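Working notes, structure below.
The values are calculated or read from the model by the stated rules, or taken from the named source; none is laboratory data. Owing to the predicted nature of the structure, the values given are computational and were not obtained by experimental measurement. Because the Cβ atoms are built from the backbone with ideal geometry, glycine has one as well, and the counts that use them run over all protein chains shown.
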Amino acid sequence: MRETFLPFSIPTIGDEEINEVVDSLRSGWITTGPKVKRFEEAFKSYTGAPFAVPLASATAGLHLALLALKLAPGDEVITTPMTFAATVTMILQSGGTPVLADIQPGTLNIDPEKIRARITPRTKAIIPVHFAGQPCDMDAIFAIAAEHGIAVIEDAAHAIGTEYKGKRIGSLNSVSVFSFHPIKNITTGEGGMVATANEQMAEEISLMKFHGMNREAWKRYEASGTPNYDIVLPGFKYNMMDLQAALGLHQLDKLDGFIGKRQELAQIYQDAFAEVPEIATPSLVPYPHRHAWHLYTPLVRIEELSIDRDRFMVELKARNIGTGLHFKAIHHHSYYQETLRIPAGELPVADYASERILSLPLFPLMTPDDARDVVAAVKDVIAANRR
Ligand SMILES: *Cc1c(COP(=O)(O)O)cnc(C)c1O
């Protein structure tokens, strides 16, 4: 057994990030300023996004992108049950009604045919989630959206560096929302970005992110600026700080290297678990893509075992292997059980995955030997708990 605990994820922070943060701390300017602007430009050139708005989190990005749609009571937004609460919570916080469409087995991405079946005259938007960093079937989703004249907001929290048919997520001519939370593929501590091709939407989100103020503070304090400002709408406090962007600048430089490491580790898992019948490995989408491997999320075939998934995770922890849960299906959480009232059996694929899924350790600082330790521990738990 492994002697030290292997966590499910730790961020990769180097001297470049540390020195850049220290540089901000010593500079006299720590909140939104020139480094946020540089990070925004670097992000646009990496993703190919025409416009980008740096924010405090992806949750803030989802909130503002949804508010920009100006939903009326009763307006519906279709999303996946296999996501973090923020996706669905922000639909509610923007005045919309969440509608869940089931996922595809294997990739766990939202199923376009299930979206189609959920469209009503009240549908205003679709929020696909590029689960684990694999792109959703965007041609199919854009076709449905165009047919019904509705918006698409991509939840790209897992998908910085993901490519769909040769294009980076962020450049698909829609709106995409990225996260830089510490477990995501790059981190700014907390942070997020909205990428869009729609200039008006970018401007609106920029205004809403900082009190509805018509000029950013750092410009007001520049030598040529005036301290006067105007509030043009009732906004939020969702701006990103220079301290955060200082991290992001160097993380973005390292992203392709991080993804390379993630791919290598994921391949070790894929090859090893192909021979373990109790583990169902994630399947790859059939169209050209680059998987960013934000997560490695197999399903445990609990019907072959005497323990459930939660116990399986406890057993792995006892063997010094950390795990994550991405995700317990949204409609299984008590608040959403009570408010969405999804009839039993309406989302069978998500129900099945929710009871069986777990996230194994996957982060760039892991070694191939660490991955082999995980495989050995998984096999050991299975051998000790076969039905
Ligand atoms: C992490 C995550 C979010 C929220 O990101 P924050 O930056 O923490 O607000 C939203 N959606 C999905 C699918 C996520 O995994």
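Looking across the range 114-160 at every residue that is assigned to a loop (DSSP other than H, G, I, E, B) and farther than 23 Å from L358 by Cα, the one that is nearest to the ligand (Cβ to nearest atom) is identified as D137. Of the residues E113, E154, E76, E147, the single one that is of a type in the set (D, E), modelled with pLDDT of 95 or more and under 19 Å from the mean Cα position of the chain (by Cα) is E154. For the subset of the range 165-183 comprising residues that are surrounded by 24 or more Cβ atoms within 10 Å (Cβ to Cβ) and near the ligand (Cβ under 9 Å from one of its atoms), which member is farthest from A60 (Cα to Cα)? For the range 165-183, the residue satisfying everything is F180. Could you say whether any residue in the range 75-82 is within 30 Å of A344 (Cα to Cα), within 14 Å of the ligand (Cβ to nearest atom) and either aromatic (F, W, Y) or assigned to a helix (DSSP H, G or I) (or both)? No, every residue in the range 75-82 fails to be within 30 Å of A344 (Cα to Cα), within 14 Å of the ligand (Cβ to nearest atom) and either aromatic (F, W, Y) or assigned to a helix (DSSP H, G or I) (or both). Restricting A52, A42 to those that are over 30 Å from V378 (Cα atoms), outside any helix (DSSP H, G or I) and in contact with a helix residue (DSSP H, G or I) (Cβ under 6 Å, 6 or more places away or on another chain) reduces the list to A52.
Residues considered: E304, E338. Of these, the only one that is closer than 18 Å to P277 by Cβ and modelled with pLDDT of 95 or more is E304.
Residues considered: P11, P81. Of these, the only one that is crowded, with 17+ Cβ neighbours inside 10 Å, touching a residue at least 40 places away in the same chain (Cβ under 8 Å) and out of contact with any strand residue (DSSP E or B) (no Cβ under 6 Å at 6 or more places or on another chain) is P11.
Residue selection: A49 fails the criterion of being within 16 Å of the ligand (Cβ to nearest atom), in the same structural domain as I153 (by TED's automatic domain parsing) and modelled with pLDDT of 95 or more. Exactly one residue out of V349, V285, V276 is over 20 Å from I382 (Cβ atoms) and surrounded by fewer than 18 Cβ atoms within 10 Å (Cβ to Cβ), and it is V285. Just to be sure, is G189 more than 16 Å from the ligand (Cβ to nearest atom), at positive phi and not aliphatic (A, V, I, L, M)? Judged against the criteria, G189 is not a match. For the subset of the range 225-241 comprising residues that are in a loop (DSSP other than H, G, I, E, B) and closer than 26 Å to V21 by Cα, which member is modelled with the lowest pLDDT? My answer is G225. Of all the numbered requirements in (1) more than 18 Å from A197 (Cα to Cα); (2) surrounded by fewer than 24 Cβ atoms within 10 Å (Cβ to Cβ); (3) not charged (D, E, K, R), V36 misses one, and that requirement is (2). Kindly indicate whether A86 is in contact (Cβ under 8 Å) with a residue 24 or more places away in the chain and within 16 Å of the ligand (Cβ to nearest atom). The answer is yes for A86.
Of the helices (runs of 4 or more DSSP H) lying entirely inside the range 291-387, those containing at least 3 residues that are within 25 Å of Q267 (Cα to Cα) span 309-318, 348-356, 368-384.
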